[in-house]
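Novice: Take this structure first; my questions come after.
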Amino acid sequence: DSVGMSLSEARMLTAAEAPPAEAARTVAERFGYATVFVHADDWALAVHRGAADARIRDLMTGNLLASARAFLGRPSPDLAIAPEATFSADIPASGPLGDGWTADCVPSPYLKRPRATVGLGDTFVAGLMLAAGVGPELAPLP
């Protein structure tokens, strides 16, 4: 019922210059997904018809796993965010998109010089799956 992809993949499936939330909604409607997750270098977005808290938790978990891998250069159970990570305020807007669709976007920990980039998208999606599998038992949002 959901799919995760990079911004470039979302744009390949839709109009090349569509805003990220619009591209994600088009993917959701065209392919019948309840939720579409899109990740970029400094943000992650969910377009969905569900509970915002759950989707934000999913995004934050995906970001945490991917940023730890970028920092350490490999998958690791050490999920510390790099001290030099920055968080952009210039991210796509969150809010209603119409017809019951909502966009939720969170900043990602961005590293100017990551130790690794290969596999970060897959690691982000693994974080989404982990959060979905753990469900409400995952730590509540602050």
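Novice: Being of a type in the set (Ser, Thr, Tyr), surrounded by fewer than 17 Cβ atoms within 10 Å (Cβ to Cβ) and under 21 Å from residue 10 (Cβ atoms): is that true of residue 117 here? It would help to see each step written out before you state the result.
Specialist: Values: of a type in the set (Ser, Thr, Tyr): yes; surrounded by fewer than 17 Cβ atoms within 10 Å (Cβ to Cβ): yes; under 21 Å from residue 10 (Cβ atoms): yes.
Taking the combined requirement at face value, the residue satisfies it.
Novice: Here's something else I'd like to know. Quick one: in the stretch 102-128, which of the residues that are in a loop (DSSP other than H, G, I, E, B) and of a type in the set (S, T, N, Q) is farthest from residue 46 (Cα to Cα)?
Specialist: In this case the residue turns out to be 117.
Novice: If you don't mind, another one. Would you mind stating whether residue 18 is closer than 15 Å to residue 107 by Cβ and either part of a loop (DSSP other than H, G, I, E, B) or within 10 Å of the chain's Cα centre (by Cα) (or both)?
Specialist: Against the criterion (closer than 15 Å to residue 107 by Cβ and either part of a loop (DSSP other than H, G, I, E, B) or within 10 Å of the chain's Cα centre (by Cα) (or both)), residue 18 does not qualify.
Novice: Considering only the stretch 69-81, state which residues are touching a residue at least 40 places away in the same chain (Cβ under 8 Å) and either under 11 Å from residue 114 (Cα atoms) or touching a Pro at 6+ places or on another chain (Cβ under 9 Å) (or both). Steps first, please.
Specialist: Residues of the stretch 69-81 that are touching a residue at least 40 places away in the same chain (Cβ under 8 Å), as a first pass: 69-75.
Those that are touching a residue at least 40 places away in the same chain (Cβ under 8 Å) and either under 11 Å from residue 114 (Cα atoms) or touching a Pro at 6+ places or on another chain (Cβ under 9 Å) (or both): 69, 70, 71, 72, 73, 74.
Novice: Is there any pair with a first residue in the stretch 82-101 that is under 15 Å from residue 41 (Cα atoms) and in contact (Cβ under 8 Å) with a residue 60 or more places away in the chain and a second that is among the hydrophobic types (A, V, I, L, M, F, W, C) and outside any loop (DSSP other than H, G, I, E, B) whose Cβ atoms are under 9 Å apart and which are 6 or more apart or on different chains, and what are they?
Specialist: Sorted first by the residue in the stretch 82-101, then by its partner, the pairs are 92/21; 92/38; 92/43; 92/45; 92/103; 92/105.
Conditions (1) outside any loop (DSSP other than H, G, I, E, B); (2) touching an Asp or Glu at 6+ places or on another chain (Cβ under 7 Å); (3) surrounded by fewer than 20 Cβ atoms within 10 Å (Cβ to Cβ); (4) of a type outside the set (Gly, Ala, Ser), marked per residue:
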residue	(1), (2), (3), (4)
41	no, no, yes, yes
55	yes, yes, no, yes
60	yes, no, yes, yes
66	yes, no, no, no
71	yes, no, no, yes
74	no, no, yes, yes
78	no, no, yes, yes
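Novice: Now for a separate question. Which ones in the stretch 6-20 are within 14 Å of residue 30 (Cα to Cα) and among the aliphatic types (A, V, I, L, M)?
Specialist: 10, 12, 13, 15
Novice: Pull out all pairs, ordered by first then second residue, where Cβ-Cβ is under 8 Å, the residues are six or more apart or on different chains, the first lies in the stretch 30-50 and is of a type in the set (Lys, Arg), and the second is part of a strand (DSSP E or B).
Specialist: 49/35; 49/101; 49/102
Values quoted throughout were computed directly from the atomic coordinates according to the rules given, and no laboratory measurement underlies them. For clarity, every value in this text was computed on a predicted model and none was experimentally measured. Every residue, glycine among them, receives a Cβ derived from its backbone with ideal geometry; neighbour counts consider all protein chains shown.
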